[in-house]
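Peer 1: Here it is, the structure, as structure tokens.
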Amino acid sequence: MNLLSKKMLPGMVALAAVAALGLASTSVRAQDKTITLCWAAWDPANALVELSKDFTAKTGVKMKFEFVPWTNFADRMLNELNSKGKLCDLIIGDSQWIGGAAEQGHYVKLNDFFAKEGIKMTDFAPATVVGYAEWPKNTPNYWALPAMADAVGWTYRKDWFARPELQAEFRKLHNRDLAPPKTWAEFKQVSEFFQGKTIDGKKVYGAYIFTERGSEGITMGVTNVLYPMGFKYEDPKKPYAMDGFVNSPDAVRGLEFYKALYKGSTPPGLTNAYMSEGLDAFKSGQVAMMMNWFAFFPGLYKDPNVGGDKIGFFTNPSDKTKGVQLGGQGISVVSYSANRNESLQYIKWFASPEVQKKWQAIGGSSAAKAVLDDPDYPKSSPFAQAFLDSMGMVVDFWAEPSYAQLLLAMQKRVHDYVVADKGTAKEALDALVVDWRKVFKDDGKAAK
């Protein structure tokens with residue numbers, strides 16, 4: 001005990017006691033606090049539960065989680081936001097929600113908080129900042145922190161591709177090695193080569209692609225062909241002017257190509273299939289190649305039947321240009337939360353480079369440059385380089401407040417043409433322009 005403490009006056013002792021009591025009560029209050037984080041139910045969410053134990057240990061704030069299957073995620077969470085519900089303090093919402101959530105006041109704007117805490121958006125991959133955090137796009141107005149970087153990628157049966165008899169047969173047909181395709185023309189050759197083949201006594205198929213109609217599946221699939229072939233959502237020089245871009249000759253060619261893949265390179269019966277059906281098709285040995293989100297690749301690599309040396313990964317093929325569908329999400333503070341301060345604490349904690357590195361290591365997918373720019377990152381997994389390449393060429397769907405109407409229109413037009421054999425590709429895209437023009441007109445955003 002030091003000299004000052006021996007000579008404390010009674011009043012000073014009382015003040016010290018009050019201060020100690022205040023610190024204790026603050027600690028108790030922190031321990032009494034619980035915040036709820038809402039997200040989709042999938043493997044990365046389980047990793048986040050594990051990661052968040054560190055946040056509770058550091059702050060005393062307890063965590064609850066509300067995870068909803070992807071098939072119900074958008075309906076469940078958008079209903080929660082639109083009803084100004086208090087279930088979620090934090091939400092990891094899809095990139096397309098950002099416009100509506102910002103304009104309708106569902107998310108807390110984070111600019112002042114980021115400035116106060118020294119959180120810089122330049123510390124995150126540019127595509128994820130634009131895709132997950134900004135509204136309006138390409139303006140420094142932030143409504144989320146990039147949380148789960150993702151894009152569409154491809155897996156393939158590396159063990160099948162390596163078989164000498166298949167290599168010899170393919171080389172005889174196409175005068176080149178059987179290898180992961182780099183262009184869509186090569187992809188079609190490879191997928192048609194495997195279509196209907198018998199491997200290990202089992203009939204197999206060329207490729208798995210998204211066809212689901214009810215939510216977003218076929219749109220998240222077809223865009224991976226449309227973007228490289230030249231499709232654009234609007235005139236780059238004239239916002240909301242879509243005629244000649246959405247339905248350009250290149251876009252028509254892309255849609256026709258996707259239908260040709262569906263008809264000639266995929267397993268029968270997959271008329272309404274998305275993420276989980278693709279995983280099932282690949283794991284059960286039905287297909288040589290599979291389209292899916294990179295977020296699923298860590299689990300696939302560990303799969304006892306098709307993982308390890310049997311699986312390989314590649315980036316989305318190119319054509320006239322490069323492009324791939326952006327996935328992933330940002331984490332936002334819900335404006336109706338009664339626990340805003342604690343939720344902001346979580347954002348600050350999650351943004352730190354140390355936490356981002358651990359997030360990546362245990363099964364998440366960090367958007368932080370501290371992770372992605374690490375010289376060792378490309379060798380950190382068999383799909384890391386493909387992911388880096390993909391993040392450099394991602395394109396996202398409309399993030400407008402009316403994105404749900406825009407998405408459902410594209411789902412219908414594309415599915416009707418590709419799966420249901422209704423009309424031509426040109427007619428489908430012409431009709432989509434009409435659909436989208438009406439949505440934007442109703443929003444007061446018609447092209448000028």
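Peer 1: What pairs come up if the first residue lies in the range 104-124 and is over 12 Å from P146 (Cβ atoms), the second is open to solvent by 90 Å² or more (accessible area, probe 1.4 Å) and modelled with pLDDT of 95 or more, and their beta carbons are under 6 Å apart, counting only those six or more places apart or on different chains?
Peer 2: Listed by first residue and then by second, the contacts come to E117/K348.
Peer 1: Considering only residues that are closer than 19 Å to G196 by Cβ, assigned to a helix (DSSP H, G or I) and open to solvent by less than 50 Å² (accessible area, probe 1.4 Å), which ones fall in the range 237-277?
Peer 2: Listed by number, the residues that qualify are K259, A260, L261, Y262, G264, S265.
Peer 1: Something else about it: Is it the case that R437 is closer than 25 Å to F73 by Cβ and basic (K, R)?
Peer 2: Against the criterion (closer than 25 Å to F73 by Cβ and basic (K, R)), R437 does not qualify.
Peer 1: Checking L21 against (1) modelled with pLDDT under 95; (2) more than 22 Å from Q345 (Cβ to Cβ); (3) in contact with a helix residue (DSSP H, G or I) (Cβ under 8 Å, 6 or more places away or on another chain); (4) of a type outside the set (S, T, N, Q), which test does it fail?
Peer 2: (3)
Peer 1: Moving to a separate point now. What is the one condition in (1) touching a residue at least 60 places away in the same chain (Cβ under 8 Å); (2) crowded, with 18+ Cβ neighbours inside 10 Å; (3) in contact with a helix residue (DSSP H, G or I) (Cβ under 8 Å, 6 or more places away or on another chain); (4) closer than 20 Å to H415 by Cα that T223 does not satisfy?
Peer 2: (3)
Peer 1: Kindly check whether there is at least one residue in the range 299-307 that is β-branched (V, I, T) and either under 30 Å from I199 (Cα atoms) or outside any helix (DSSP H, G or I) (or both).
Peer 2: So far as the range 299-307 goes, yes, one or more of its residues are β-branched (V, I, T) and either under 30 Å from I199 (Cα atoms) or outside any helix (DSSP H, G or I) (or both).
Peer 1: For the range 156-178, state whether one or more residues are open to solvent by less than 40 Å² (accessible area, probe 1.4 Å) and on the phi > 0 side of the Ramachandran plot.
Peer 2: No, the range 156-178 contains no residue that is open to solvent by less than 40 Å² (accessible area, probe 1.4 Å) and on the phi > 0 side of the Ramachandran plot.
Peer 1: Still on this structure, please answer the following. Do we have G85 as assigned to a loop (DSSP other than H, G, I, E, B), in contact (Cβ under 8 Å) with a residue 12 or more places away in the chain and of a type outside the set (F, W, Y) here? It would help to see each step written out before you state the result.
Peer 2: Details: assigned to a loop (DSSP other than H, G, I, E, B): yes; in contact (Cβ under 8 Å) with a residue 12 or more places away in the chain: yes; of a type outside the set (F, W, Y): yes.
In short, yes.
Peer 1: Moving on. Give me a count of the residues in the range 383-410 that are surrounded by fewer than 17 Cβ atoms within 10 Å (Cβ to Cβ) and under 18 Å from F296 (Cα atoms).
Peer 2: Number satisfying all stated conditions: 2.
Peer 1: Identify the residue in the range 411-423 that is without any contact (Cβ under 8 Å) to a residue 24 or more places away in the chain and in contact with a helix residue (DSSP H, G or I) (Cβ under 9 Å, 6 or more places away or on another chain) and, among all such residues, is most open to solvent (accessible area, probe 1.4 Å). Walk me through it before giving the result.
Peer 2: Going through the range 411-423, the residues without any contact (Cβ under 8 Å) to a residue 24 or more places away in the chain turn out to be 413, 416, 420-423.
Next, only the ones that are in contact with a helix residue (DSSP H, G or I) (Cβ under 9 Å, 6 or more places away or on another chain) stay: 413, 416, 421-423.
Numbers: R413: 70, D416: 15, D421: 86, K422: 120, G423: 48 Å².
So the residue we want is K422.
Peer 1: Write out, first by first residue and then by second, each pair whose Cβ atoms fall under 6 Å of each other, whose residues are 6+ apart or on separate chains, and whose first residue, in the range 294-314, is closer than 15 Å to V324 by Cβ while the second is crowded, with 17+ Cβ neighbours inside 10 Å and aromatic (F, W, Y).
Peer 2: F294/F387; F297/F383; F313/F383; F314/W154
Peer 1: For the structure I just gave you, tell me whether G444 is in contact with a helix residue (DSSP H, G or I) (Cβ under 8 Å, 6 or more places away or on another chain) and surrounded by fewer than 15 Cβ atoms within 10 Å (Cβ to Cβ). Before the answer, list the steps.
Peer 2: On the way: in contact with a helix residue (DSSP H, G or I) (Cβ under 8 Å, 6 or more places away or on another chain): no; surrounded by fewer than 15 Cβ atoms within 10 Å (Cβ to Cβ): yes.
No: the conditions fail for G444.
Peer 1: Which of the residues spanning the range 93-131 are surrounded by 20 or more Cβ atoms within 10 Å (Cβ to Cβ), polar (S, T, N, Q) and more than 28 Å from D374 (Cβ to Cβ)?
Peer 2: Q96
The values are calculated or read from the model by the stated rules, or taken from the named source; none is laboratory data. Just so it is clear, the structure is predicted and the values come from calculations on it, not from any experiment. Here the Cβ is made from the backbone with ideal geometry for all residues, glycine too, and neighbour counts use every protein chain on show. In case anyone asks, the SASA skips ligands and DNA or RNA and just uses the protein heavy atoms, side chains included. Shrake-Rupley method; radii C 1.70, N 1.55, O 1.52, S 1.80 Å.
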